[in-house]
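All of the numbers you see were taken from the coordinates with simple rules; none came from a lab. What you are looking at is a predicted structure, and each value in this text was computed from that prediction instead of being measured. Ideal geometry is used to build each Cβ from the backbone, glycine not excepted, and the neighbour counts take in all protein chains shown.
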Amino acid sequence: MAATTSRTLDLLSLLQSHRHWTARELVDRLGVSERTLRRDVERLRQLGYAIESTRGVAGGYRLAAGTGLPPLLLTDDEGVAIAVGLRSQAAAGLRGAEHTTFSALAKIEQVMPPALRRRMEALQSVAAPTGASGPGSRLSPGSGPRPAPSVDSDLLGLLALCCRDAERIRMTYTDAAGAASTRSVEPHRLVPLGRRWYLLAWDRDRDDWRTFRLDRIDDVFQTRVRFTPHPLTDDEALERVQRSVRWRDRAVRADVVVAMPVEEFRERLGWWARDAVAAPDGGGTVWPVEG
């Protein structure tokens, strides 16, 4: 019975994570026969899950919307993400949905393992709130069409705990030029800005505040040494990170004067010389560049 229940839950997890599975894919994943697979599908249907089946060579199974909301299987990271989102909405006072927000949050936190609850509470308590718009959104490096860099959820949770517990850390940080260095810092706040996460920390070697992009942080070492946090509000943390990002993203524009006719210059550089124009004196080329 235990093996059957475990296998059925595995099947449910697969159906919830993918739009459509062929019968052969599910058989191979679960290591069962097609007959056993059909029985497990029927068990889920009896529990209220609307599972559609199709016949033929590409036939298989998909989880469809039903008349009610059946239980969902969430990974640890998914559970933390949903709980943090609900807490944020509750704190923001979601108009007309206060009761349902707190009710859903209570249900998730009730069944959340202590380690995940601790991680969720730490992340919520040290993440400085910010919105999609505001002073930092337009200048944020992640605000364009480029995909946001991925951030390891374990790293995010670990830094959240270190911020909350005021624990000094050592880490490897790679700057924009690709140079890696070891930093000893006192982490204070995690700030989501644009589509990136930043760590605002007191750099002990530089005796000043520094902003670190999480996707450039590696090899975090917890020293178990506590520090006395500097007085810092959420608004101050957000302002420091926004100011740091604005400074890094400040564009530098220059006109490069080349002693070459503009036609020849465009022929040599092709697309890169599309903005080049003839110099006013007619003896060269003015090539505007920005970086």
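Below is a table of values for the structure above.
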{"read-out": "Convex hull (Cα only) mean projected area of the stretch 1-63, reported in nm² to one decimal", "value": "3.9"}
{"read-out": "Residue-by-residue Karplus 3J(HN,Hα) for the stretch 187-199, coefficients 6.51, -1.76, 1.60, Hz, glycine and proline x", "value": "x, 10, 9, 9, 10, x, 9, x, 10, 10, 10, 10, 9"}
{"read-out": "Label-point separation, residue 203 to residue 58 (7 Å along Cα→Cβ), nm", "value": "5.4"}
{"read-out": "Estimated FRET transfer efficiency (residue 81, residue 272; beta-carbon r; R0 41 Å; 0.05)", "value": "0.45"}
{"read-out": "Stokes-Einstein D (µm²/s) once Rh is taken as the Kirkwood radius of the stretch 153-249 over alpha-carbon pairs, at 20 °C in 1.002 mPa s", "value": "159"}
